[in-house]
Amino acid sequence: MFDDLPGQLYAALIKEDRWKLYIEGLGNTMIIAIGAVVIGLVLGTVIALIKVNANLNKKNVFLKFLDVICDIYLTVIRGTPMMVQILIGFNIIFAALSFDYSVLVAIICFGINSGAYVAEIVRSGIQAVNRGQLEAGRSLGLSNSQTMSLIILPQAIKNILPALGNELIVLFKETAIVGYIAVQDLTKMATLIQSRTYQPFVPLILSALIYLSIVMLMSWGLRGLERRLNKSDRR
Amino acid sequence: MIDVKSVVKHFGDIHALNGVSLHIKKGEKVVIVGPSGCGKSTFLRCLNLLETPTSGEVWFEGECITDPRCNVNKLRMRMGMVFQQFNLFPHKTILQNITLAPVTLKLMTQEEADKRAIELLARIGLSEKADAYPAQLSGGQQQRIAIVRALAMNPDVMLFDEPTSALDPEMVGEVLELMKELADEGMTMVVVTHEMGFAREVATRCLFMADGQVLEDAPPTEFFYRPKNDRLKDFLAKVLV
Ligand SMILES: Nc1ncnc2c1ncn2[C@@H]1O[C@H](COP(=O)(O)OP(=O)(O)OP(=O)(O)O)[C@@H](O)[C@H]1O
Ligand SMILES: [Mg+2]
(Lines give C-alpha, C1' and ligand atoms only; values in the text may rest on other atoms or scores of the structure.)
(Ligands and ions follow the chains in the order given, each with its own letter.)
Protein backbone atom coordinates (compact mmCIF):
# COMPACT_ATOMS: atom_id res chain seq x y z
CA MET A 1 0.00 0.00 0.00
CA PHE A 2 2.83 2.40 0.87
CA ASP A 3 5.14 1.22 -1.90
CA ASP A 4 6.60 4.18 -3.63
CA LEU A 5 4.48 6.79 -1.91
CA PRO A 6 6.14 9.67 -3.78
CA GLY A 7 5.28 7.91 -7.03
CA GLN A 8 1.70 7.39 -5.89
CA LEU A 9 1.40 11.02 -4.89
CA TYR A 10 2.79 12.06 -8.23
CA ALA A 11 0.33 9.86 -10.12
CA ALA A 12 -2.67 10.93 -8.03
CA LEU A 13 -1.95 14.65 -7.90
CA ILE A 14 0.62 16.07 -10.28
CA LYS A 15 0.36 13.95 -13.39
CA GLU A 16 -1.95 15.47 -15.98
CA ASP A 17 -2.77 18.19 -13.44
CA ARG A 18 -5.00 15.77 -11.57
CA TRP A 19 -5.10 17.99 -8.46
CA LYS A 20 -7.45 20.18 -10.42
CA LEU A 21 -9.98 17.35 -10.49
CA TYR A 22 -10.24 17.32 -6.67
CA ILE A 23 -10.88 21.03 -6.69
CA GLU A 24 -13.46 20.74 -9.41
CA GLY A 25 -15.14 17.87 -7.55
CA LEU A 26 -15.12 19.76 -4.27
CA GLY A 27 -16.64 22.72 -6.07
CA ASN A 28 -19.57 20.59 -7.20
CA THR A 29 -19.96 19.06 -3.75
CA MET A 30 -20.09 22.54 -2.20
CA ILE A 31 -22.52 23.90 -4.78
CA ILE A 32 -24.89 21.01 -4.19
CA ALA A 33 -24.65 21.21 -0.39
CA ILE A 34 -25.14 24.97 -0.23
CA GLY A 35 -27.88 25.06 -2.86
CA ALA A 36 -29.71 22.22 -1.13
CA VAL A 37 -29.43 23.86 2.27
CA VAL A 38 -30.90 27.09 0.92
CA ILE A 39 -33.84 25.22 -0.63
CA GLY A 40 -34.18 23.05 2.48
CA LEU A 41 -34.17 26.07 4.77
CA VAL A 42 -36.84 27.93 2.82
CA LEU A 43 -39.00 24.83 2.36
CA GLY A 44 -38.51 23.66 5.94
CA THR A 45 -39.32 27.07 7.43
CA VAL A 46 -42.48 27.42 5.37
CA ILE A 47 -43.62 23.95 6.40
CA ALA A 48 -42.78 24.57 10.04
CA LEU A 49 -44.76 27.83 10.03
CA ILE A 50 -47.74 26.10 8.42
CA LYS A 51 -47.63 23.36 11.04
CA VAL A 52 -47.22 25.73 13.98
CA ASN A 53 -50.04 28.00 12.80
CA ALA A 54 -52.32 25.09 11.96
CA ASN A 55 -51.79 23.95 15.52
CA LEU A 56 -52.63 27.41 16.91
CA ASN A 57 -55.74 27.91 14.74
CA LYS A 58 -57.33 24.50 14.73
CA LYS A 59 -60.53 25.86 13.21
CA ASN A 60 -58.91 27.20 10.02
CA VAL A 61 -59.81 24.73 7.25
CA PHE A 62 -57.29 26.07 4.75
CA LEU A 63 -54.41 25.69 7.20
CA LYS A 64 -55.64 22.23 8.06
CA PHE A 65 -55.52 21.31 4.37
CA LEU A 66 -51.96 22.62 4.00
CA ASP A 67 -51.03 20.80 7.19
CA VAL A 68 -52.17 17.47 5.74
CA ILE A 69 -50.15 18.07 2.56
CA CYS A 70 -47.10 18.83 4.68
CA ASP A 71 -47.61 15.64 6.66
CA ILE A 72 -47.70 13.56 3.49
CA TYR A 73 -44.50 15.19 2.26
CA LEU A 74 -42.74 14.65 5.59
CA THR A 75 -43.80 11.01 5.78
CA VAL A 76 -42.71 10.17 2.23
CA ILE A 77 -39.38 11.97 2.39
CA ARG A 78 -38.39 10.66 5.80
CA GLY A 79 -39.62 7.17 5.05
CA THR A 80 -37.51 6.54 1.93
CA PRO A 81 -33.73 6.42 1.42
CA MET A 82 -32.04 9.50 -0.01
CA MET A 83 -30.36 7.27 -2.58
CA VAL A 84 -33.71 6.07 -3.92
CA GLN A 85 -35.08 9.63 -3.92
CA ILE A 86 -32.22 10.93 -6.02
CA LEU A 87 -32.47 8.03 -8.48
CA ILE A 88 -36.18 8.69 -8.86
CA GLY A 89 -35.51 12.39 -9.30
CA PHE A 90 -32.87 11.82 -11.94
CA ASN A 91 -34.31 8.87 -13.84
CA ILE A 92 -38.03 9.57 -13.61
CA ILE A 93 -39.04 13.07 -12.62
CA PHE A 94 -36.26 14.96 -14.42
CA ALA A 95 -35.49 12.20 -16.94
CA ALA A 96 -36.08 14.56 -19.84
CA LEU A 97 -33.21 16.85 -18.79
CA SER A 98 -29.78 16.27 -20.29
CA PHE A 99 -26.73 15.29 -18.25
CA ASP A 100 -25.64 18.93 -18.22
CA TYR A 101 -28.29 19.57 -15.61
CA SER A 102 -27.38 16.78 -13.22
CA VAL A 103 -25.90 19.21 -10.68
CA LEU A 104 -29.16 21.15 -10.71
CA VAL A 105 -31.18 17.96 -10.30
CA ALA A 106 -28.97 17.00 -7.37
CA ILE A 107 -29.51 20.39 -5.74
CA ILE A 108 -33.27 20.10 -6.09
CA CYS A 109 -33.43 16.51 -4.83
CA PHE A 110 -31.21 17.19 -1.85
CA GLY A 111 -33.08 20.42 -1.14
CA ILE A 112 -36.44 18.66 -1.11
CA ASN A 113 -35.02 15.95 1.11
CA SER A 114 -33.39 18.39 3.49
CA GLY A 115 -36.59 20.45 3.75
CA ALA A 116 -38.29 17.60 5.58
CA TYR A 117 -35.59 17.43 8.24
CA VAL A 118 -35.26 21.19 8.51
CA ALA A 119 -39.04 21.49 8.95
CA GLU A 120 -38.86 19.29 12.01
CA ILE A 121 -35.89 21.21 13.40
CA VAL A 122 -37.56 24.60 12.89
CA ARG A 123 -40.93 23.42 14.20
CA SER A 124 -39.51 22.05 17.44
CA GLY A 125 -37.33 25.18 17.76
CA ILE A 126 -40.40 27.40 17.54
CA GLN A 127 -42.42 25.26 19.92
CA ALA A 128 -39.60 25.28 22.45
CA VAL A 129 -40.04 29.05 22.83
CA ASN A 130 -42.11 29.70 25.93
CA ARG A 131 -45.78 30.17 25.09
CA GLY A 132 -45.84 33.25 27.30
CA GLN A 133 -43.74 35.03 24.68
CA LEU A 134 -46.49 34.69 22.10
CA GLU A 135 -49.07 35.89 24.61
CA ALA A 136 -46.93 38.83 25.69
CA GLY A 137 -46.49 39.91 22.07
CA ARG A 138 -50.16 39.50 21.22
CA SER A 139 -51.30 41.23 24.42
CA LEU A 140 -49.37 44.34 23.34
CA GLY A 141 -51.42 44.45 20.14
CA LEU A 142 -48.83 42.92 17.80
CA SER A 143 -50.29 40.74 15.06
CA ASN A 144 -49.56 37.04 14.79
CA SER A 145 -46.97 37.56 12.05
CA GLN A 146 -45.31 40.49 13.84
CA THR A 147 -45.04 38.41 17.00
CA MET A 148 -43.63 35.49 15.00
CA SER A 149 -41.01 37.49 13.16
CA LEU A 150 -39.93 39.87 15.93
CA ILE A 151 -40.29 37.74 19.04
CA ILE A 152 -40.65 34.03 18.41
CA LEU A 153 -38.34 33.35 15.45
CA PRO A 154 -35.34 35.29 16.80
CA GLN A 155 -35.54 33.18 19.95
CA ALA A 156 -36.25 29.99 18.05
CA ILE A 157 -33.06 30.49 16.02
CA LYS A 158 -31.03 29.81 19.14
CA ASN A 159 -32.74 26.44 19.51
CA ILE A 160 -32.61 25.74 15.80
CA LEU A 161 -29.08 26.69 14.92
CA PRO A 162 -27.14 23.78 16.47
CA ALA A 163 -29.44 21.19 14.91
CA LEU A 164 -29.45 23.05 11.61
CA GLY A 165 -25.66 23.11 11.56
CA ASN A 166 -25.71 19.40 12.14
CA GLU A 167 -28.12 18.97 9.25
CA LEU A 168 -25.79 20.99 7.01
CA ILE A 169 -22.90 18.73 7.95
CA VAL A 170 -24.91 15.56 7.35
CA LEU A 171 -26.10 16.91 4.01
CA PHE A 172 -22.59 17.90 2.97
CA LYS A 173 -21.35 14.35 3.56
CA GLU A 174 -24.43 12.74 2.06
CA THR A 175 -23.85 14.44 -1.28
CA ALA A 176 -21.15 11.83 -1.85
CA ILE A 177 -23.82 9.66 -3.50
CA VAL A 178 -24.40 12.04 -6.41
CA GLY A 179 -21.80 10.16 -8.43
CA TYR A 180 -24.62 7.70 -9.17
CA ILE A 181 -26.36 10.33 -11.25
CA ALA A 182 -23.22 11.28 -13.11
CA VAL A 183 -22.29 14.34 -11.07
CA GLN A 184 -18.53 14.81 -10.82
CA ASP A 185 -18.33 15.54 -7.12
CA LEU A 186 -15.34 15.06 -4.85
CA THR A 187 -15.99 11.36 -4.22
CA LYS A 188 -16.59 10.65 -7.89
CA MET A 189 -13.36 12.41 -8.84
CA ALA A 190 -11.41 10.39 -6.31
CA THR A 191 -12.70 7.13 -7.76
CA LEU A 192 -12.04 8.44 -11.25
CA ILE A 193 -8.39 9.08 -10.40
CA GLN A 194 -8.18 5.72 -8.68
CA SER A 195 -9.40 4.05 -11.86
CA ARG A 196 -6.64 5.73 -13.84
CA THR A 197 -3.74 5.11 -11.42
CA TYR A 198 -4.96 1.73 -10.07
CA GLN A 199 -3.79 3.00 -6.67
CA PRO A 200 -6.66 3.79 -4.27
CA PHE A 201 -4.67 5.04 -1.29
CA VAL A 202 -3.89 8.64 -2.15
CA PRO A 203 -7.17 9.71 -3.83
CA LEU A 204 -9.47 8.10 -1.26
CA ILE A 205 -7.57 9.19 1.83
CA LEU A 206 -7.13 12.65 0.37
CA SER A 207 -10.84 13.02 -0.33
CA ALA A 208 -11.62 11.85 3.22
CA LEU A 209 -9.24 14.48 4.60
CA ILE A 210 -10.88 17.18 2.51
CA TYR A 211 -14.37 16.23 3.76
CA LEU A 212 -13.08 16.10 7.33
CA SER A 213 -11.40 19.49 7.24
CA ILE A 214 -14.48 21.18 5.81
CA VAL A 215 -16.72 19.57 8.40
CA MET A 216 -14.37 20.78 11.13
CA LEU A 217 -14.40 24.25 9.64
CA MET A 218 -18.21 24.28 9.61
CA SER A 219 -18.41 23.11 13.23
CA TRP A 220 -16.02 25.82 14.27
CA GLY A 221 -17.99 28.50 12.43
CA LEU A 222 -21.24 27.31 13.97
CA ARG A 223 -19.86 27.43 17.49
CA GLY A 224 -18.85 31.03 16.92
CA LEU A 225 -22.30 31.91 15.64
CA GLU A 226 -23.99 30.23 18.60
CA ARG A 227 -21.82 32.18 21.00
CA ARG A 228 -22.86 35.44 19.37
CA LEU A 229 -26.55 34.53 19.48
CA ASN A 230 -26.31 33.63 23.16
CA LYS A 231 -25.07 37.02 24.25
CA SER A 232 -28.44 38.03 25.71
CA ASP A 233 -28.28 35.06 28.11
CA ARG A 234 -25.32 36.42 29.99
CA ARG A 235 -25.95 37.63 33.47
CA MET B 1 -66.04 50.86 30.37
CA ILE B 2 -65.91 47.06 30.37
CA ASP B 3 -69.15 45.15 30.25
CA VAL B 4 -69.07 41.39 30.62
CA LYS B 5 -72.33 39.64 29.75
CA SER B 6 -72.86 35.98 30.77
CA VAL B 7 -69.43 34.86 29.63
CA VAL B 8 -68.94 31.10 29.51
CA LYS B 9 -65.66 29.39 28.70
CA HIS B 10 -65.24 25.65 28.30
CA PHE B 11 -61.98 23.81 27.63
CA GLY B 12 -63.38 20.54 26.36
CA ASP B 13 -65.05 19.06 29.44
CA ILE B 14 -63.62 21.63 31.82
CA HIS B 15 -66.02 24.46 32.55
CA ALA B 16 -63.63 27.24 33.45
CA LEU B 17 -66.25 30.02 33.42
CA ASN B 18 -69.93 29.39 34.04
CA GLY B 19 -71.63 32.63 33.13
CA VAL B 20 -69.83 35.67 34.50
CA SER B 21 -71.47 39.08 34.22
CA LEU B 22 -69.78 42.21 35.41
CA HIS B 23 -69.61 45.93 34.77
CA ILE B 24 -66.34 47.74 35.33
CA LYS B 25 -66.37 51.54 35.33
CA LYS B 26 -63.51 53.83 34.39
CA GLY B 27 -61.06 54.30 37.27
CA GLU B 28 -62.21 51.27 39.22
CA LYS B 29 -59.64 48.93 40.73
CA VAL B 30 -61.16 45.48 40.72
CA VAL B 31 -59.31 42.78 42.62
CA ILE B 32 -60.24 39.15 41.96
CA VAL B 33 -59.46 36.44 44.49
CA GLY B 34 -60.44 32.81 44.71
CA PRO B 35 -59.07 29.28 45.02
CA SER B 36 -56.67 27.88 42.46
CA GLY B 37 -58.27 26.68 39.24
CA CYS B 38 -61.52 28.61 39.75
CA GLY B 39 -61.17 30.49 36.48
CA LYS B 40 -59.56 33.80 37.51
CA SER B 41 -56.92 33.76 34.79
CA THR B 42 -59.42 32.55 32.23
CA PHE B 43 -61.73 35.44 33.10
CA LEU B 44 -58.92 37.98 32.78
CA ARG B 45 -57.78 36.45 29.50
CA CYS B 46 -61.31 36.64 28.11
CA LEU B 47 -61.19 40.42 28.64
CA ASN B 48 -58.43 40.89 26.05
CA LEU B 49 -59.41 37.82 24.04
CA LEU B 50 -56.30 35.77 24.77
CA GLU B 51 -59.09 33.25 25.30
CA THR B 52 -62.19 33.39 23.15
CA PRO B 53 -65.34 32.95 25.25
CA THR B 54 -67.44 29.92 24.35
CA SER B 55 -70.51 32.12 24.69
CA GLY B 56 -71.48 35.51 26.08
CA GLU B 57 -70.29 38.99 25.17
CA VAL B 58 -67.58 41.36 26.29
CA TRP B 59 -68.02 45.06 25.56
CA PHE B 60 -65.17 47.53 25.84
CA GLU B 61 -65.81 51.26 25.52
CA GLY B 62 -69.01 50.78 23.58
CA GLU B 63 -67.65 48.10 21.25
CA CYS B 64 -68.59 44.43 21.29
CA ILE B 65 -65.12 42.88 21.25
CA THR B 66 -66.37 39.30 21.12
CA ASP B 67 -67.86 40.11 17.72
CA PRO B 68 -65.69 38.33 15.11
CA ARG B 69 -65.45 41.60 13.16
CA CYS B 70 -63.70 43.35 16.04
CA ASN B 71 -60.03 44.13 15.41
CA VAL B 72 -58.39 42.35 18.34
CA ASN B 73 -54.98 43.92 17.77
CA LYS B 74 -56.41 47.44 18.00
CA LEU B 75 -58.31 46.43 21.11
CA ARG B 76 -55.27 44.99 22.83
CA MET B 77 -53.31 48.20 22.29
CA ARG B 78 -55.70 49.82 24.77
CA MET B 79 -55.51 47.00 27.32
CA GLY B 80 -52.19 46.37 29.00
CA MET B 81 -51.55 42.93 30.47
CA VAL B 82 -49.02 41.84 33.08
CA PHE B 83 -48.29 38.13 33.52
CA GLN B 84 -47.21 36.03 36.46
CA GLN B 85 -44.05 34.98 34.59
CA PHE B 86 -43.18 38.55 33.42
CA ASN B 87 -42.68 37.36 29.82
CA LEU B 88 -40.10 39.95 28.93
CA PHE B 89 -38.48 39.35 25.55
CA PRO B 90 -35.14 37.77 26.51
CA HIS B 91 -33.40 38.58 23.23
CA LYS B 92 -34.15 42.31 23.49
CA THR B 93 -32.63 44.89 25.81
CA ILE B 94 -34.85 46.54 28.41
CA LEU B 95 -35.22 49.65 26.25
CA GLN B 96 -36.12 47.53 23.21
CA ASN B 97 -38.62 45.55 25.28
CA ILE B 98 -40.44 48.78 26.06
CA THR B 99 -40.27 50.40 22.63
CA LEU B 100 -40.85 47.35 20.42
CA ALA B 101 -44.64 47.42 20.34
CA PRO B 102 -45.27 51.19 20.10
CA VAL B 103 -42.72 51.51 17.30
CA THR B 104 -43.78 48.39 15.38
CA LEU B 105 -47.41 49.46 15.60
CA LYS B 106 -46.43 52.94 14.39
CA LEU B 107 -47.88 54.68 17.44
CA MET B 108 -44.57 56.45 18.00
CA THR B 109 -41.31 57.00 16.16
CA GLN B 110 -38.24 55.28 17.60
CA GLU B 111 -37.08 58.63 19.06
CA GLU B 112 -40.42 59.32 20.75
CA ALA B 113 -40.62 55.78 22.09
CA ASP B 114 -37.05 55.92 23.40
CA LYS B 115 -37.79 59.20 25.14
CA ARG B 116 -40.95 57.83 26.72
CA ALA B 117 -39.18 54.61 27.76
CA ILE B 118 -36.38 56.57 29.39
CA GLU B 119 -38.91 58.65 31.31
CA LEU B 120 -40.72 55.52 32.47
CA LEU B 121 -37.46 53.84 33.49
CA ALA B 122 -36.43 56.93 35.44
CA ARG B 123 -39.74 56.85 37.22
CA ILE B 124 -39.17 53.31 38.49
CA GLY B 125 -35.50 53.99 39.20
CA LEU B 126 -34.13 51.58 36.62
CA SER B 127 -32.60 54.06 34.17
CA GLU B 128 -29.21 52.44 34.30
CA LYS B 129 -30.69 49.11 33.13
CA ALA B 130 -31.85 50.45 29.76
CA ASP B 131 -29.23 48.49 27.83
CA ALA B 132 -29.26 45.39 30.02
CA TYR B 133 -30.97 42.15 29.02
CA PRO B 134 -33.87 40.75 31.08
CA ALA B 135 -31.79 37.82 32.37
CA GLN B 136 -29.51 40.33 34.10
CA LEU B 137 -32.37 41.71 36.23
CA SER B 138 -33.98 40.44 39.43
CA GLY B 139 -37.53 39.12 39.29
CA GLY B 140 -38.94 42.24 40.89
CA GLN B 141 -37.11 44.46 38.43
CA GLN B 142 -38.29 42.31 35.51
CA GLN B 143 -41.90 42.56 36.62
CA ARG B 144 -41.68 46.31 37.01
CA ILE B 145 -40.25 46.50 33.48
CA ALA B 146 -43.15 44.34 32.28
CA ILE B 147 -45.58 46.83 33.83
CA VAL B 148 -43.75 49.73 32.22
CA ARG B 149 -43.74 47.92 28.88
CA ALA B 150 -47.52 47.73 29.03
CA LEU B 151 -47.76 51.37 30.15
CA ALA B 152 -45.70 52.53 27.19
CA MET B 153 -48.73 51.77 25.01
CA ASN B 154 -50.76 54.29 27.06
CA PRO B 155 -53.51 51.75 27.74
CA ASP B 156 -56.93 52.64 29.14
CA VAL B 157 -56.99 49.64 31.43
CA MET B 158 -54.38 47.34 32.94
CA LEU B 159 -54.93 43.63 33.59
CA PHE B 160 -52.70 41.88 36.11
CA ASP B 161 -52.61 38.09 36.46
CA GLU B 162 -50.94 37.24 39.78
CA PRO B 163 -48.13 39.72 39.17
CA THR B 164 -46.29 38.88 42.39
CA SER B 165 -46.81 35.12 42.63
CA ALA B 166 -43.54 34.20 40.91
CA LEU B 167 -41.46 36.60 43.01
CA ASP B 168 -39.25 36.03 46.02
CA PRO B 169 -40.98 37.54 49.05
CA GLU B 170 -38.53 40.41 49.38
CA MET B 171 -39.37 41.60 45.86
CA VAL B 172 -43.15 41.60 46.18
CA GLY B 173 -43.21 45.02 47.82
CA GLU B 174 -41.56 46.95 45.00
CA VAL B 175 -44.04 45.60 42.45
CA LEU B 176 -47.08 46.28 44.63
CA GLU B 177 -45.75 49.76 45.30
CA LEU B 178 -45.67 50.52 41.56
CA MET B 179 -49.17 49.13 41.14
CA LYS B 180 -50.39 51.34 43.98
CA GLU B 181 -48.90 54.39 42.30
CA LEU B 182 -50.73 53.47 39.11
CA ALA B 183 -53.95 53.09 41.02
CA ASP B 184 -53.48 56.49 42.65
CA GLU B 185 -53.03 58.06 39.23
CA GLY B 186 -56.50 56.83 38.31
CA MET B 187 -55.64 53.86 36.08
CA THR B 188 -58.47 51.38 35.63
CA MET B 189 -57.14 48.08 36.89
CA VAL B 190 -58.28 44.47 37.07
CA VAL B 191 -55.98 42.47 39.32
CA VAL B 192 -55.93 38.77 40.10
CA THR B 193 -53.85 38.32 43.24
CA HIS B 194 -53.34 36.47 46.48
CA GLU B 195 -52.09 39.65 48.18
CA MET B 196 -54.97 40.40 50.53
CA GLY B 197 -53.22 43.47 51.95
CA PHE B 198 -53.10 44.98 48.47
CA ALA B 199 -56.75 44.12 47.88
CA ARG B 200 -57.82 45.82 51.11
CA GLU B 201 -55.74 48.90 50.52
CA VAL B 202 -56.08 49.52 46.80
CA ALA B 203 -59.23 47.84 45.54
CA THR B 204 -62.43 49.76 45.02
CA ARG B 205 -64.17 46.42 44.51
CA CYS B 206 -63.28 42.85 45.40
CA LEU B 207 -64.62 39.82 43.59
CA PHE B 208 -64.60 36.30 44.92
CA MET B 209 -64.63 33.60 42.26
CA ALA B 210 -65.21 29.89 42.70
CA ASP B 211 -66.17 27.22 40.16
CA GLY B 212 -66.12 29.70 37.31
CA GLN B 213 -68.60 32.06 38.94
CA VAL B 214 -68.46 35.33 40.79
CA LEU B 215 -69.89 34.53 44.24
CA GLU B 216 -69.29 37.88 45.89
CA ASP B 217 -68.76 41.38 44.57
CA ALA B 218 -68.34 44.07 47.21
CA PRO B 219 -66.19 47.00 48.34
CA PRO B 220 -63.16 45.78 50.33
CA THR B 221 -64.43 46.69 53.80
CA GLU B 222 -67.60 44.69 53.32
CA PHE B 223 -65.75 41.95 51.44
CA PHE B 224 -63.21 41.34 54.20
CA TYR B 225 -65.19 42.22 57.36
CA ARG B 226 -68.76 41.33 56.48
CA PRO B 227 -68.57 38.62 53.78
CA LYS B 228 -71.96 37.15 52.90
CA ASN B 229 -71.02 34.08 50.89
CA ASP B 230 -70.10 31.03 52.99
CA ARG B 231 -67.37 29.87 50.66
CA LEU B 232 -65.80 33.31 50.82
CA LYS B 233 -65.90 33.11 54.64
CA ASP B 234 -64.06 29.76 54.49
CA PHE B 235 -61.62 31.13 51.97
CA LEU B 236 -60.86 34.23 54.04
CA ALA B 237 -60.47 32.17 57.18
CA LYS B 238 -57.78 30.15 55.40
CA VAL B 239 -55.86 32.97 53.75
CA LEU B 240 -56.07 35.59 56.48
CA VAL B 241 -55.12 33.20 59.32
N1 LIG C 1 -55.75 26.27 27.84
C2 LIG C 1 -56.43 25.46 28.67
N3 LIG C 1 -56.78 24.21 28.27
C4 LIG C 1 -57.48 23.40 29.07
N5 LIG C 1 -57.87 23.71 30.31
C6 LIG C 1 -57.55 24.93 30.79
C7 LIG C 1 -56.82 25.86 29.98
N8 LIG C 1 -56.65 26.99 30.71
C9 LIG C 1 -57.24 26.78 31.89
N10 LIG C 1 -57.80 25.54 31.96
C11 LIG C 1 -58.56 24.97 33.07
O12 LIG C 1 -59.59 25.88 33.39
C13 LIG C 1 -59.74 25.97 34.79
C14 LIG C 1 -59.57 27.40 35.23
O15 LIG C 1 -58.22 27.77 35.03
P16 LIG C 1 -57.63 29.19 35.40
O17 LIG C 1 -56.21 29.20 34.95
O18 LIG C 1 -58.52 30.25 34.89
O19 LIG C 1 -57.68 29.17 36.99
P20 LIG C 1 -57.08 30.21 38.02
O21 LIG C 1 -58.20 30.62 38.89
O22 LIG C 1 -56.34 31.27 37.31
O23 LIG C 1 -56.10 29.33 38.87
P24 LIG C 1 -54.66 29.69 39.51
O25 LIG C 1 -54.94 30.39 40.78
O26 LIG C 1 -54.04 28.37 39.73
O27 LIG C 1 -53.93 30.53 38.51
C28 LIG C 1 -58.73 25.03 35.40
O29 LIG C 1 -59.38 23.81 35.71
C30 LIG C 1 -57.73 24.83 34.31
O31 LIG C 1 -57.15 23.54 34.40
MG1 LIG D 1 -54.27 31.81 37.15
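Each residue of the stretch A:144-149 is assigned a 3J(HN,Hα), and the resulting list reads 4, 6, 5, 5, 4, 6 Hz, derived from the Karplus form 6.51 cos²θ - 1.76 cosθ + 1.60 (θ = phi - 60°), x at Gly and Pro.
Using only DSSP helix segments of four residues or longer, with each worth -39500 (n - 2.57), what per-residue ellipticity at 222 nm results for the protein assembly as shown after dividing by its residue count and rounding to 500?
-17500 deg cm²/dmol
Between their Cα atoms, which of B:K25/B:K115; A:K158/B:K9; B:K5/B:K29; B:K5/B:K40; B:K40/B:K129; B:K25/B:K180 are more than 24 Å away from each other? Correct reply: B:K25/B:K115; A:K158/B:K9; B:K40/B:K129. Principal-axis analysis of the Cα atoms of chain B puts helix B:110-123 at an angle of about 60° to the longest axis. Per residue of peptide B:86-99, the mean number of Cβ atoms on other chains within 10 Å of the residue Cβ is 4. Listed by chain and number, the aspartates and glutamates whose C-alpha is less than 14 Å from the C-alpha of B:K238, apart from same-chain residues fewer than 8 away, are B:E195, B:D230. Amide H contacts of B:I32 (H built 1.01 Å from N, in plane; Pro and chain starts excluded): B:V191, B:V192, B:T193, B:L207 sit under 5 Å, all sequence-distant by 5 or more or on other chains.
The chymotrypsin sites (Phe, Trp or Tyr not before Pro) found in the stretch A:1-62 that occupy coil by DSSP, while having at most 13 further C-beta atoms within 10 Å, are A:F2.
Take each residue in B:74-82, count the other chain C-beta atoms within 10 Å of its C-beta, and the mean is 3. Note on B:D168 and B:E112: the model spin-label points, each 7 Å out from Cα along the C-beta direction, lie 4.0 nm apart. Of the candidates A:K58, A:K20, A:K173, which one comes out as most mobile in a Gaussian network treatment of chain A with C-alpha springs shorter than 10 Å? Among A:K58, A:K20, A:K173, the largest mean-square fluctuation in the Gaussian network model of chain A belongs to A:K58.
Against the main long axis of the alpha-carbon atoms of chain B, helix B:139-151 sits at an angle near 90°.
Residues of the stretch B:112-140 whose accessible area (probe 1.4 Å, heavy atoms of protein chains only) drops by at least 50 Å² once all protein chains are present, relative to their chain alone: B:Y133, B:A135, B:Q136. The angle between the Cα long axis of helix A:102-127 and the main principal axis of chain A comes to about 40°, on a 0 to 90 degree scale. Once backbone amide H atoms are built at 1.01 Å from N, B:L215 has B:F208, B:M209, B:A210 as its partners under 5 Å, excluding neighbours fewer than 5 places away on the same chain.
The trypsin sites (Lys or Arg not before Pro) of the stretch B:3-80 that meet both conditions, a loop assignment by DSSP and at most 13 other Cβ atoms within 10 Å of the site Cβ, are B:K25, B:K26, B:R69.
Shown in residue order for the stretch B:169-186 are the 3J(HN,Hα) couplings computed by the Karplus curve 6.51 cos²θ - 1.76 cosθ + 1.60 at θ = phi - 60°: x, 6, 9, 5, x, 5, 6, 4, 4, 5, 5, 4, 4, 4, 4, 5, 7, x Hz (x for Gly and Pro). Loop-located GluC sites (Glu not before Pro) in the stretch B:40-134 (DSSP state other than H, G, I, E, B) with a sparse environment of at most 16 neighbouring Cβ atoms within 10 Å: B:E61.
For a straight C-alpha distance cut-off of 16 angstrom, the aspartates and glutamates reachable from A:K51 (same-chain residues fewer than eight places away being disregarded) are A:D67, A:D71, A:E120.
For the pair the stretch A:62-77 and the stretch B:18-46, the centres of their Cα atoms are 41 angstrom apart.
The values are calculated or read from the model by the stated rules, or taken from the named source; none is laboratory data. A quick note: this is a predicted structure, and the numbers were derived from the prediction, not measured. Please note: Cβ atoms are built from the backbone with ideal geometry, for glycine as well, and neighbour counts cover all protein chains shown. These accessible areas exclude ligands, DNA and RNA; they are computed on the full protein's heavy atoms, side chains included. Shrake-Rupley method; radii C 1.70, N 1.55, O 1.52, S 1.80 Å.
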